[in-house]
Amino acid sequence: MCGIVGYLGKANAPSVLISGLKRLEYRGYDSAGLAILDGDKVLVSKASGKVANLSERASINWPPELFKRVGTGIAHTRWATHGPPTEVNAHPHLDKTGEIALVHNGIIENYRALRARLEGKGHHFVSETDTEVLSHLIGDCDKGDLFQAVCDALHQVEGTFGIAVISSREPGKIITARRGSPIVIGVGDGEAIIASDASAIVAHTQRVIYLDDDDIATVTADSVDIRDLNNVPVTREIAELGLDASVAEKGGYEHFMMKEIHEQPDALANAIRGRLDLQLGSSVLAGMSASQRELAELSRVVMVGCGTSLHAAMVGEYAFEDLADIHAEVQQAAEFRYRNPIIGNRDFVVAISQSGETADTLAAVKEAQQKGAFVMSLVNVVGSTIARETGRGVYLHAGPEISVASTKAFTCQVSVLLMMALKLGRGRRYSREEGLKLAREIDSIPELVNRVIAKNDLIAEIAENYVKDEHAFFIGRGPMYPVALEGALKLKEISYIHAEGYHAAELKHGPIALLQPGTPVIAVACEGPAKDKTLGNVEECRARGARILGIITEGDTNAEEVMDDFISIPKAHPLVATIPAVVALQIFSYHVARLRGCEIDQPRNLAKSVTVE
Ligand code: G6P
């Protein structure tokens, strides 16, 4: 949520900053801005809307020579929290003197009190943002040492921040700090690039330093000095990113979402590789680093997450109960700590997050740790806050996910959850024979997904029949119920069609009142114990004139007969089938949105990583 880039070094700062912002635009894209040091002045350019608007604005406002000179600067792309996404609310914000500029991710919770106090001292604010308050506070604290001023200001702040600050009084340096909102420093050869995530850095260097909470760094083109907020030096290792710059390119696809849908067979192969034991019919997950005995003593699995990750957790719930015979439940991460959950040291809490930065999921992790649970994470972004906070976990290895609508992260999350449940199950009631059968099925997931992707053109044709609808219902039962929820989420977020996911049995308890002749109902009715019941619910919808699109198993002629349209997926274990089924719905949603002319990778009002509660 929101993106930060800062640059010092041998290249032209405005150009580097704008291309860095473009790589971060998936995190927030309602307005953008940049500030650069030009002699003894701070020059600022801002625009509402996309980074392209900012780029155009800067090239009109600033002289062409500025785009040739080497320099220092900071930039930001915003997802509005305090105040609408106008130019005046866009970052960077200046202090009272106009000599200090700040970009900020996160929320300053006590900004009203700080603002009132500063107004009492003669400060005047032009925006509605909490960030402008912090920039004035830093200016107010500056007695000739910018680093100390930032430390002093941050001591007064409640809330979360990832920041980058420049001052025309101290050129050639950026002060950057974090609490609850990530900052990565790329250490190049005679240049440094600071960002809120590595995708803005990868084009410059592979060598990075991840700041920890309450770290504050003074960065120059040749040095990084990291301290805590009490000015005590701390040591942070340089890590290798191991990412290819091309991951942030569309690679010939029209949208990142389609690219990432097509990446799923490889992403899934990476998530599964080396983690299945095809001799013992189990899985090998180093991150579940407890003895088999400790695992056997766990009494409950509690999964927490938000959005698509929450839906993956719901599939996991079925898997843990079915395979491991262990009580499993899913809790919405934002609720977890406020409901005072009953959690103890025999509970196994799994935090699921693509980004590893979601504020609510992080807060749930801290609450579970506090209560003594065995906590681990299932995260995609290596080195992210949740991964580091839990210290124990399983990475998805799905590769960077840029499209705001999550695709490959979901399917990799589900496949890892299946492997976790298999491992737990083999320590409990699941036999070797059953384990082997499932392990082989998990191993075949990339191929199953390949076969669904091969139906892309057919699904695109089917999608044409749903382009003009304004409402749609998704239904499913058992593990296909969360698939229906995820299908509805995909369709609504990228096509803006009002889509609701329901348990198939629940439709008749209210939502069926909304069915009219022609209303689309997307029924996930693949082979499994719940299929016939789902088909019964399909009949109830048909009787009210609904138009049915079925996600069904290949060769299931009974199911074909009750559908107006159908997409068939390969036959698989009902838990494994959730993955190809969701891929069919991803492709369907994508084509509906494309045909409706929507901005698929950057849907309105959304952000990729939600670092505010
Ligand atoms: C945002 C994204 C969703 C994502 C959710 C949770 O809302 O738009 O795609 O599922 O956050 O994110 P996480 O990174 O924790 O999985």
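Give the peptides 526-533, 297-304 in descending order of average Cβ contacts within 10 Å, highest first. Provide the component values of the computation, followed by the final result.
Numbers: 526-533: 18.4, 297-304: 21.6.
Result, highest mean first: 297-304, 526-533.
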Check: Net charge near residue 287, counting Lys/Arg +1 and Asp/Glu -1 over other residues with Cβ under 12 Å of its Cβ?
Finding: +3
Margin query: Less than 12 Å Cβ to Cβ from residue 564, Lys/Arg counted +1 and Asp/Glu -1: what total charge do the surrounding residues give?
Written below: -1
Check: Could you give the dipole magnitude of the chain about its Cα centre, charging the beta-carbon of Lys and Arg +1 and that of Asp and Glu -1, in debye to the nearest 20?
Finding: 280 debye
Check: Considering the Cα trace of the range 180-226, what is its radius of gyration and what is Dmax, both in angstroms?
Finding: 9.9, 29
Note to self: Once ligands and nucleic acids are excluded and a 1.4 Å probe is used, how much of residue 132 is accessible, expressed in Å² to the nearest 10?
What the structure shows: 10 Å²
Checklist line | Translational diffusion of the range 124-237, µm² s⁻¹ [Kirkwood Rh, Cα pairs; Stokes-Einstein; 10 °C; 1.306 mPa s] | finding: 110 µm²/s
Notebook entry, point to check: How about residue 22: which aspartates and glutamates have a C-alpha closer than 17 Å to its C-alpha, ignoring those fewer than 8 places off in the same chain?
Noted result: 30, 56, 197, 244, 249, 254, 401, 599, 601
Check: Quick one: with all protein chains in place, what share of the accessible area of the chain is carbon or sulfur, to the nearest percent (1.4 Å probe)?
Finding: 48 percent
Next item on the list: State the dimensionless ratio Rg/Rh of the range 2-248 (Rg: radius of gyration of Cα atoms; Rh: Kirkwood radius).
Entry: 0.93
Next item on the list: Please identify which residues in the range 132-156 have an amide N closer than 17 Å to a label point set 7 Å out from the Cα of residue 223, following the Cα→Cβ vector.
Entry: 145-148
Checklist line | q = 0.11, 0.13, 0.24 Å⁻¹: log10 I(q)/I(0) that the Debye formula gives for the range 330-418, counting C-alpha atoms only | finding: -0.28, -0.39, -1.21
Notebook entry, point to check: Once fully extended, how much extra length lies between residue 516 and residue 239, figured as 0.36 nm per residue of separation less the alpha-carbon to alpha-carbon distance?
Noted result: 94.0 nm
Next item on the list: Identify, among 563, 584, 514, the residue whose Cα sits farthest towards the positive end of the charge dipole of the range 450-603, taking +1 on the Cβ of Lys and Arg and -1 on the Cβ of Asp and Glu, with the dipole about the Cα centre.
Entry: 514
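Lys and Arg at +1, Asp and Glu at -1: add these up for the other residues within a Cβ distance under 11 Å of residue 130 and post the number.
-2
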Next item on the list: Taking every Cα atom in the range 535-613, find the radius of gyration and the maximum pairwise distance Dmax, and write them in Å.
Entry: 16.3, 48
Next item on the list: Taking the Cα atoms of the range 433-587, report the difference between the largest and smallest coordinate on each principal axis, in whole Å and largest first.
Entry: 47, 30, 27
Notebook entry, point to check: Rg to Rh ratio, the range 185-317, alpha-carbon atoms and Kirkwood radius?
Noted result: 1.06
Next item on the list: Averaged over every viewing direction, what's the projected area of the C-alpha convex hull for the range 273-407? Give it in nm², one decimal, please.
Entry: 8.1 nm²
Next item on the list: Provide the per residue accessible area, probe 1.4 Å, for the range 250-443, rounded to a whole number of square angstrom.
Entry: 36 Å²
Checklist line | Share, in percent, of DSSP beta bridges within the chain that are antiparallel, nearest 5 | finding: 60 percent
Notebook entry, point to check: Based on the alpha carbon coordinates of the chain, what radius of gyration and maximum Cα-Cα distance (Dmax) apply, in Å?
Noted result: 25.3, 78
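The values are calculated or read from the model by the stated rules, or taken from the named source; none is laboratory data. Computed from a predicted model, the values in this text were never measured in an experiment. Ideal geometry is used to build each Cβ from the backbone, glycine not excepted, and the neighbour counts take in all protein chains shown. Side chains included, ligands, DNA and RNA excluded: accessible areas come from the protein's heavy atoms. Shrake-Rupley method; radii C 1.70, N 1.55, O 1.52, S 1.80 Å.
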